[in-house]
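Here the structure comes first, spelled out in structure tokens, and everything after it is commentary.
The values are calculated or read from the model by the stated rules, or taken from the named source; none is laboratory data. Since this is a predicted model, take the numbers as computed values, not measurements. Positions of Cβ are generated from backbone atoms using ideal geometry, with glycine treated the same way; all protein chains shown enter the neighbour counts. Areas reflect the complete protein model, heavy atoms only, side chains present, ligands, DNA and RNA absent. Shrake-Rupley method; radii C 1.70, N 1.55, O 1.52, S 1.80 Å.
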Amino acid sequence: MTLKLGCIADDYTGASDLANTLTRAGLRTVQTIGVPADDLALPEVDAVVVSLKSRSIEAELAVSRSRAAETWLRGRGAAHVLFKICSTFDSTDKGNIGPVMDALRADSGDRIVLVTPAFPETGRTVYQGNLFVGSVPLNESPLKDHPLNPMHDANLVRVLARQSRTKVGLVELSVVTRGPEAVRARLAALSADGFGAAIIDAVFDLDLETIGIVALDHRVSVGASGIGLGLARALAAAGGTNACSATSDAAVGGPAACLAGSCSQATLGQIASAEKVMPVLHLDPERTVAGPDEARRALAWARDRLKDGPVLIASSTTPDQVAALQARHGRDAAGHAIEQAMADIAEGLVQAGVRRLVVAGGETSGAVVDRLKIPGFLVGDEIAAGVPVLRAVGAEAGDMLLALKSGNFGGREFFSDALSLMR
């Protein structure tokens, strides 16, 4: 296998988003969970997205895992590696975007790294270095209140500079619109002035194409799925891809279930819509944190209903309720307890015969996939922007279909839409 593109994603739902984007752009793509074992059988592909659960862990551990992923990808021929981050730049002043970027840049030998979370298709744009969600700056949007990585500054030059050891510059939209040569000249000037990273503006898909062309001059880039789209289109234009799919359309059948752990407004609305068409159980947050009894109650509830159709189990709650729970139990302890409860439930559902599973929330998806010991996925049909159907590769439970959704993605009927495509 000789890869055209290697990717390292800092969470599982973001990895699925990127794998979906690359597939739609014509790259045969596989998503792996962690650095693959040497004996994992993978089809012939153009790109591999290595999924890590590194967004909210200690920076030092995130760096070591990302470096291991890069080593594996370079060993399979990847000349360019994209470090895939959230389109809302989820991070804190300690990282982990900055520390991982610094390490990958040092390993690659690049003098300067292009960075952008822009993805206009999903309403994420960058202008004058500021990240917008729709028409408002990130810090004025509902997405600012992530329970683990709240984002209260839209200026990405400032945000990245606080967590990186290098100087961070800006490539303005007025430069991007003049094309690749203008961007190259701006990067050369920044590099000569000692800048090691540059936030680059992007408002339209055409901007992403310019960024992708320039990014391929380098060995590393950092961004969301938008820059992945630019890279894929640049590779396709150079004739370096094969548009054949790497997935299978065989039906799986059997019971289906949904799990929701995200507390985003989008997911809360999707749960409300799902209550009109399927049984929904809301976990009690205090009982979930207290011990395993709440997960056991949920499994008993689900087993009684699976024979009649899909069910949904949700730990999702409002930001105010999340803040109160974190105040009582600590942010990390509360988050870990809920993730493990959802993983317990997923494991029990699979033991009960579920082979089609929809999961909402990045941290929840990571906990579930790790518990189910799924080493990789083939990318199937797109359910919503950034969310494909995934077919498990090498899973202990056998053939399975999953959908892993970032909390903010999908329309109101997402759960029903997902199940309709997961046969």
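For the chain, the mean residue ellipticity at 222 nm estimated from helices alone is -12000 deg cm²/dmol, where every DSSP H run of n ≥ 4 contributes -39500 (n - 2.57) and the total is divided by all residues, rounded to the nearest 500.
Label separation (S174 vs S420): 4.7 nm, computed from points 7 Å beyond Cα along the C-beta direction. Straightening the chain between A397 and D107 buys 100.6 nm, computed as 0.36 nm per residue apart minus the Cα-Cα spacing. Accessible surface calculations at 1.4 Å, restricted to protein heavy atoms, place the chain at 37 Å² per residue. Considering only T32, G14, A59, and ranking their Cα positions along the charge dipole of segment 1-61 that arises from unit charges at the beta-carbon of Lys, Arg, Asp and Glu, the one farthest toward the positive end is G14.
Once the Cα atoms are used to define both axes, helix 59-75 deviates from the longest principal axis of the chain by about 70 degrees.
Model label sites at L206 and A182, defined 7 Å from Cα along the beta-carbon direction, differ in position by 1.1 nm. If R0 is taken as 25 Å, the Cβ-Cβ distance between N139 and A272 corresponds to a FRET efficiency of 0.40. In this structure L268 has an accessible area near 50 Å², from a 1.4 Å probe over the protein heavy atoms.
Here the simple spin-label model places points 7 Å from the Cα toward Cβ, and for Q321 and E44 these points are separated by 5.2 nm. Residues in segment 171-183 carry Karplus couplings, in order, of 9, 6, 4, 4, 7, 4, 5, 8, x, x, 5, 5, 5 Hz; the curve used is 6.51 cos²θ - 1.76 cosθ + 1.60 with θ = phi - 60°, and Gly or Pro positions show x. Considering only V393, V183, V136, the Gaussian network model of the chain with Cα springs below 10 Å gives its largest mean-square fluctuation to V136.
Under the convention that each Lys and Arg Cβ holds +1 and each Asp and Glu Cβ holds -1, the size of the dipole of the chain around its Cα centre is about 300 debye. Proximity of backbone amide H atoms, modeled 1.01 Å from N, is registered between V50 and C7, I8, A9, T32 at under 5 Å, excluding neighbours fewer than 5 places apart on the same chain.
Exposure check, 1.4 Å probe, all protein chains in place: S264 carries approximately 20 Å² of accessible surface. Surface calculation, 1.4 Å probe, protein heavy atoms: K167 sits at approximately 100 Å² accessible.
Here segment 290-406 carries DSSP beta bridges of which approximately 60% are antiparallel, counting only pairs with both residues inside. Taking the Cα centre of segment 79-155 as the origin, how large is its charge dipole in debye, to the nearest 20, when only Lys and Arg (+1) and Asp and Glu (-1) carry charge on their Cβ atoms? Using Cβ point charges on Lys, Arg, Asp and Glu, segment 79-155 gives about 120 debye. In plain terms, the chain from A37 to R162 could stretch by 41.5 nm, reckoned as 0.36 nm per residue minus the Cα-Cα distance. Full extension of the chain between E60 and A300 gives 82.4 nm of extra length, using 0.36 nm per residue less the Cα-Cα distance.
Using a cutoff of 8 angstrom between alpha carbon atoms and counting only pairs six or more residues apart, the relative contact order for the chain works out to 19 percent. Near F195, no amide H atom lies under 5 Å from its own; only residues 5 or more places off or on other chains count, and H is placed 1.01 Å from N.
Could you sort out which of K4/K167; K53/K94; K53/K84 sit more than 19 Å apart by Cα distance in this structure?
K4/K167
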